[in-house]
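The values are calculated or read from the model by the stated rules, or taken from the named source; none is laboratory data. Since the structure is predicted, the reported quantities are computational estimates derived from the model, not experimental observations. Cβ placement follows ideal geometry from the backbone for every residue including glycine, while neighbour counts extend to all protein chains displayed. Just the protein is used for accessible areas: all its heavy atoms, side chains included, with ligands, DNA and RNA removed. Shrake-Rupley method; radii C 1.70, N 1.55, O 1.52, S 1.80 Å.
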Amino acid sequence: MDDSERPVLAVRNINKQYGQGCVNCRGAKGEGLLKNYCPVCGTVYACRDISFEVYAGEILGIVGESGSGKSTMMECLYFDQEVSSGEAYIASYKGGETNVFEESSQQKRYIRNHLMGKVYQNPLMSLKMNFSSIGNIAEKLISAGNRNVGQMKVRGEELLEHVNIPVYRMKEAPKNFSGGMQQRVQIAKALSNNPPLLLLDEVTTGLDLSVQASVLDLIKSIQRQLKISMIIVSHDLGVIRMLADRTLVMLDGQVIEQGLTDQILEDPQHGYTQKLVQSLL
Amino acid sequence: MKIEYNFAFFDEGSKREIRRATLKAIAIPGYQVPFASREMPIARGWGTGGLQLTLSLVGKEDILKVIDQGSDESVNAVNIKKLIALTTGIVVTDETTEATIIQSRHRIPETPLQEDQILVLQVPIPEPLRYYEPSEYETKKLHAEHEYSGAWLMLFEQIVNYGAMSTGADHPVMVHSRYVMAPSPIPRFDNPKLNQNKALILLGAGREKKVYAVPPYTKVASLDFADYPFRVETFQDKCCRLCGAKDVFLDELLNDITGEALYQCNDTSYCLQRMNGISKE
Ligand SMILES: Nc1ncnc2c1ncn2[C@@H]1O[C@H](COP(=O)(O)OP(=O)(O)OP(=O)(O)O)[C@@H](O)[C@H]1O
Ligand SMILES: [Mg+2]
Ligand SMILES: [Zn+2]
């Protein structure tokens, strides 16, 4: 395959289940399940055979109702959780020929620190609230092997400026910051090692509308400037419409529809998607 | 009524258990080995970890020295010596060169240690990553995966906030290029003495129930940055007002009346020894 068309990330058949399964649910796919769980043994099938690609410089949106498995999928990709089965290939890692889920925990750390960045809905997941903001950014640089304070300060200041946090506040701890600012610090941290892929999970949920808009604008401008690929998860189709080139729709742990965002908005195929689009109008 | 104690206070089973943990600690330099810390007739936080190590090691032929903050005469050092002497009948000394076992809090003696000596250091907080990560489960994982960004991040924070690495004591070290270790609250001045030391160095934390070790001739490096190299405290041209020693750790005393700063050896037995030597000449 020619490198220019090789996807930045290719995901194949990710499955994530909570529980052992039983005779009722282990057999034929999805039969016997109530939404995403087995009424007999209670096993939750949070992600079921999820496959997709992310191409260079594109934003892939993932939309779906609460509990549809979006966050679980993102956690699997960032190695916050282990997949039950499935594969993922990253173009910039070993030529995109190695299933990253089978790598050692050290290698996974390498991938997390060098090849990905993640922004969580809950900033506590990635920020140390008692450390300085610049320290929070430096943490990711240190993880990637940097041992030069001067360099890290320069990079940190550049990133804070980039996400519109005044540099004179760099010593302040994120716990003093508003929700929108905490998300900006998270974004700066995620970008620190110039990763080819950024994972964003509900990064504006819970912020008030004007702050939401400014964070979304920031994400858009970063994508334009840096040409970085992104996966952006939201239950809000408005966010997806504003940002995503292509969109996956998830329901009960499965991808039920995917395509260009405009196409999905104009001509939704699946009944669930149709309802979702109607509610947007 | 006179109570009869077993030799070295503990029953033989307890001593064996502590020795087993100690052997494991020596086999894995810098790794914190859990042990069943016993109730002692002194309060936790007063050196029970070191005391338990000493009691498990001591034999009838041993000669013991106990130092607290550089002094052999402090209440704590005297009480520990008394307990050990009373339950073993062994000889105690103030002279570093005479001792076979040296239990210490806050200092490594100025007189270089030898191969037939054991230094036991008392440790209040054995986990070097504790401030960065409060959960024991998580810090264990970080050690296992050799993920020490947090240790450098804590130093980075000091530089950002104070312009220099400001750990007055307990500056973290990398042992045998594998484990980051808290060297106990010794001043930075003593950190270099850990490197390639001829003596066996054991560290015990009673309250936290951990033992760890730096075997003889082990590489121990203080953590630092390329542009902020590790430095020990310097006393410039100051020397001890009593014995004239330079290049030792000096205490600063203020003359109440004149306000003049006076310096003298923190290691009182070293100072005495020098003064005796000088007067004999
Ligand atoms: N640790 C767990 N144990 C059992 N079930 C879990 C666990 N974590 C998540 N689940 C279940 O997995 C399913 C997917 O959850 P997930 O958080 O991925 O959904 P989501 O699409 O991100 O929802 P939301 O929009 O509310 O964030 C849900 O049914 C959830 O209850
Ligand atoms: Mg979620
Ligand atoms: Zn079942």
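Things to note:
- Checking each residue in the range B:198-226 for being touching a residue at least 40 places away in the same chain (Cβ under 8 Å) and within 14 Å of another protein chain (Cβ to nearest Cβ) picks out B:Ala221, B:Ser222, B:Leu223, B:Asp224, B:Phe225.
- Filter result for B:Ser149 (within 14 Å of another protein chain (Cβ to nearest Cβ), among the hydroxyl-bearing types (Ser, Thr, Tyr) and open to solvent by less than 40 Å² (accessible area, probe 1.4 Å)): yes
- Scope the range B:133-175; condition within 14 Å of A:Gly150 (Cα to Cα) and of a type in the set (D, E, K, R); matching residues: B:Glu157
- Within the range B:22-74, tally of residues that are surrounded by fewer than 18 Cβ atoms within 10 Å (Cβ to Cβ) and of a type in the set (Ser, Thr, Tyr): 1
- Residue list for the range A:199-221, filter: touching a residue at least 12 places away in the same chain (Cβ under 8 Å), in a helix (DSSP H, G or I) and surrounded by fewer than 18 Cβ atoms within 10 Å (Cβ to Cβ): A:Val211, A:Ser214, A:Lys220
- Note on the range B:227-272: residues that are closer than 14 Å to B:Ser71 by Cβ and either within 14 Å of chain A (Cβ to nearest Cβ) or not hydrophobic (A, V, I, L, M, F, W, C) (or both) amount to 7.
- Index of the failed condition, A:Ile111 passing every other in (1) away from ligand 1 (no atom under 16 Å from the Cβ); (2) modelled with pLDDT of 95 or more; (3) not in a helix (DSSP H, G or I): (3)
- Any hit, the range A:21-41, residues being away from ligand 2 (no atom under 16 Å from the Cβ) and within 28 Å of A:Arg109 (Cα to Cα): no
- Within the range B:108-128, restricting attention to residues that are surrounded by fewer than 23 Cβ atoms within 10 Å (Cβ to Cβ) and among the aliphatic types (A, V, I, L, M), the residue that is farthest from the other protein chains (Cβ to nearest Cβ) is B:Ile118.
- Against the list (1) more than 15 Å from ligand 2 (Cβ to nearest atom); (2) open to solvent by 60 Å² or more (accessible area, probe 1.4 Å); (3) not β-branched (Val, Ile, Thr), the condition A:Tyr89 fails is (2).
- Of everything in the range A:77-90 that is over 8 Å from A:Lys16 (Cα atoms) and away from every other protein chain (no Cβ under 14 Å), the residue that is nearest to ligand 1 (Cβ to nearest atom) is A:Gln81.
- Matching residues in the range A:167-177 - criterion: being open to solvent by 50 Å² or more (accessible area, probe 1.4 Å) and assigned to a helix (DSSP H, G or I): A:Tyr168, A:Arg169, A:Lys175, A:Asn176
- Elements of type strands (runs of 3 or more DSSP E) contained in the range A:222-281, each with 3 or more residues being in contact (Cβ under 8 Å) with a residue 24 or more places away in the chain and either in contact with a His (Cβ under 6 Å, 6 or more places away or on another chain) or within 16 Å of ligand 2 (Cβ to nearest atom) (or both): A:229-234, A:246-251
- Test result for A:Asn164, of a type outside the set (Val, Ile, Thr), within 14 Å of another protein chain (Cβ to nearest Cβ) and outside any helix (DSSP H, G or I): no
- Of all the residues in the range A:94-129, those that are closer than 27 Å to A:Val203 by Cα and open to solvent by less than 40 Å² (accessible area, probe 1.4 Å) number 15.
- Leading residue by the ranking (nearest to the other protein chains (Cβ to nearest Cβ)) among those in the range A:62-76 that are open to solvent by 30 Å² or more (accessible area, probe 1.4 Å) and either more than 9 Å from ligand 2 (Cβ to nearest atom) or closer than 11 Å to A:Lys16 by Cβ (or both): A:Glu75
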